[in-house]
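Structure first, then comments.
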Amino acid sequence: MAQTTGPVLAIGGITVLNRTVFNGREMDWRIPIATGVAAGLFALAEKATGRGAVYVAYLALAAVVLTRVDPSVPSPAESALKWFNAR
């Protein structure tokens, strides 16, 4: 398995978790499909560029946790803090 697969799958899982669990939105099935495609493309990019693709995958993971993907949905970090403080 490529080293980029874990961070890319985590990006998809965090995005789905943020939408469905933290914010009560419907499941958007485009996210898991796009995650699978992105994991495959990152694995190919890793073969071509080596460690550069791994660095970009981890940078994308940090970016997705801290920024809003959808302007109407808070970032996963914001949502998690609000969700855990409400419990």
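Among the residues in region 42-54, are any open to solvent by less than 70 Å² (accessible area, probe 1.4 Å) and in a loop (DSSP other than H, G, I, E, B)?
yes
So, in region 31-41, how many residues would count as being open to solvent by 40 Å² or more (accessible area, probe 1.4 Å) and of a type in the set (A, V, I, L, M)?
Number of matching residues: 4.
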For this session: Restricting attention to region 10-30, report how many residues are surrounded by fewer than 18 Cβ atoms within 10 Å (Cβ to Cβ) and either of a type in the set (D, E, K, R) or without any contact (Cβ under 8 Å) to a residue 40 or more places away in the chain (or both).
Result: 10
For this session: Can you tell me which residue within region 42-82, out of those that are over 13 Å from the mean Cα position of the chain (by Cα) and closer than 16 Å to G13 by Cβ, is modelled with the highest pLDDT?
Result: F42
Seminar exercise, completed: Within region 57-81, the count of residues that are open to solvent by 80 Å² or more (accessible area, probe 1.4 Å) and either free of Cβ contacts under 8 Å to residues at least 40 places away in the same chain or in a helix (DSSP H, G or I) (or both) comes to 7
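Of everything in region 18-41 that's assigned to a loop (DSSP other than H, G, I, E, B) and not small (G, A, S), which residue is modelled with the lowest pLDDT?
The qualifying residue modelled with the lowest pLDDT is N23.
The values are calculated or read from the model by the stated rules, or taken from the named source; none is laboratory data. A quick note: this is a predicted structure, and the numbers were derived from the prediction, not measured. Note that we place each Cβ from the backbone using ideal geometry, even for glycine, and neighbour counts take in every protein chain shown. These accessible areas exclude ligands, DNA and RNA; they are computed on the full protein's heavy atoms, side chains included. Shrake-Rupley method; radii C 1.70, N 1.55, O 1.52, S 1.80 Å.
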